[in-house]
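First the structure, in the form of structure tokens, and then the observations on it.
Each reported figure results from applying straightforward, stated rules to the coordinates on display, with no laboratory input. Predicted model, so just to flag it, every value in this text is computed and none were measured. We place every Cβ from the backbone using ideal geometry, glycine too, and count neighbours over all the protein chains shown.
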Amino acid sequence: MTEARPVPGRETLGETEAAFQIRIDGQTGATGRPLPEFPVPAPLTSHGPARIIAMCNQKGGVGKTTTTINLGAALAELGRRVLLVDFDPQGALSVGLGINVNELDVTVYNLLVERGHDVRQVIQHTRVEGLDVLPANIDLSAAEVQLVGEVAREQILARVLRPVLDDYDVVMVDCQPSLGLLTVNALTAAHGVIIPLECEFFAMRGVALLIETIEKITDRLNPRLQVDGILATMYDGRTLHSKEVVASVVDHFGDQVFHTVISRTVKFPDASLAAEPLTTYDGAHKGAEAYRQLARELIARGGAA
Ligand SMILES: Nc1ncnc2c1ncn2[C@@H]1O[C@H](COP(=O)(O)OP(=O)(O)O)[C@@H](O)[C@H]1O
Ligand SMILES: [Mg+2]
């Protein structure tokens, strides 16, 4: 990290000057901090056990599903074995990976509420090498009510995933937009949480409640849980507004904010319609590159093998 070099007699300008120096080096990232290089990690020589990451924000439309799909695909490109868990009854993750969710007899729902299923039989391969998905559909909307009376109701997803953890390097759980029992299950199973935040007014509204929920779960159910990072999404570098939102998020959360920022581009919904990650739909697009950088950043931070 480049530190603000104090200029005698111009202390108040120190920060601006440091920012200027970094900029002429061409290294300031969209978060306003010096942008480190994230090297391509060495290939893995063996696989598993997986680190589990919950993609969480109780606000909808902030990029959870898009991030799960594209970060997952980018990690798979790096040779990581990746399982994506669709934990939203809308099934957008499954659909976005080409699965016909209405035709599924058995989904993550059945694994949660019924005994005797084999999770391996429910997992599907996607067209991306190394990227698998545990699909969901609207059936999952009944799970929350059904699980309330269960013993250890917060730990059911952890139990469902346990038999396949050695098969994967990363498991990512795409949460629904709520802080209900399904999300609590995801946070209880997880080692880490990624919080996508849309670069919009009120992006931070609700984040305090999410952090409070994460802290409660760390206290009571899952002491290993960490915040892996906060990800600014739908960034528009042409607007002062996006820059201000990112600056305030960095002000608030400091180093927890990923250096990688995801720009707003219609290519993401286009790729979803084509039921593919952007990394394969238009692999050279800067949105795909951003998720590749995020994958390398996550690995550099220790958030994935
Ligand atoms: N960086 C982006 N730029 C433009 N549109 C995006 C971006 N990320 C996601 N979207 C679109 O915004 C909508 C909501 O994103 P999604 O990932 O489904 O959010 P969530 O899972 O948090 O509800 C989707 O239509 C998606 O294609
Ligand atoms: Mg979603």
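Annotations
- Of all residues in region 78-107, those that are in contact with a Gly (Cβ under 8 Å, 6 or more places away or on another chain) and either assigned to a helix (DSSP H, G or I) or within 15 Å of ligand 1 (Cβ to nearest atom) (or both) total 2.
- Of all residues in region 210-256, those that are aliphatic (A, V, I, L, M) and within 16 Å of ligand 1 (Cβ to nearest atom) total 8.
- Considering G206, G192, G180, the condition of being under 26 Å from V119 (Cβ atoms) and surrounded by fewer than 17 Cβ atoms within 10 Å (Cβ to Cβ) is satisfied by G180 alone.
- When A54, A42 are checked against the criterion of being among the small types (G, A, S), touching a strand residue (DSSP E or B) at 6+ places or on another chain (Cβ under 8 Å) and either more than 12 Å from ligand 2 (Cβ to nearest atom) or within 24 Å of G180 (Cα to Cα) (or both), a single residue qualifies: A54.
- Taking region 142-191 as the range and being away from ligand 1 (no atom under 16 Å from the Cβ) and in a loop (DSSP other than H, G, I, E, B) as the test, the residues that pass are V148, G149, E150, V151, A152, Y168, D169, A190, H191.
- Qualifying residue in region 277-289 (condition: of a type in the set (A, V, I, L, M), in a helix (DSSP H, G or I), out of contact with any His (no Cβ under 7 Å at 6 or more places or on another chain) and surrounded by 15 or more Cβ atoms within 10 Å (Cβ to Cβ)): yes
- Positions within region 80-98 being more than 10 Å from ligand 2 (Cβ to nearest atom), surrounded by fewer than 24 Cβ atoms within 10 Å (Cβ to Cβ) and within 19 Å of Y281 (Cα to Cα), in sequence order: V95, G98
- Yes/no for T65 being within 14 Å of ligand 2 (Cβ to nearest atom) and either hydroxyl-bearing (S, T, Y) or in a strand (DSSP E or B) (or both): yes
- Restricting V119, V128, V164, V151 to those that are more than 22 Å from the chain's Cα centre (by Cα), within 24 Å of L71 (Cβ to Cβ) and more than 14 Å from ligand 2 (Cβ to nearest atom) reduces the list to V119.
- Failed criterion for L75 (all others in (1) in contact with a Gly (Cβ under 9 Å, 6 or more places away or on another chain); (2) assigned to a loop (DSSP other than H, G, I, E, B); (3) away from ligand 1 (no atom under 16 Å from the Cβ); (4) of a type in the set (A, V, I, L, M) hold): (2)
- Close pairs (9 angstrom Cβ cut-off, 6 or more residues apart or separate chains): in contact (Cβ under 8 Å) with a residue 24 or more places away in the chain in region 102-117, of a type in the set (S, T, N, Q) and surrounded by 16 or more Cβ atoms within 10 Å (Cβ to Cβ) anywhere: N102/N137; L104/S94; L104/N137; T107/S94; T107/N137; Y109/N137; L112/N185
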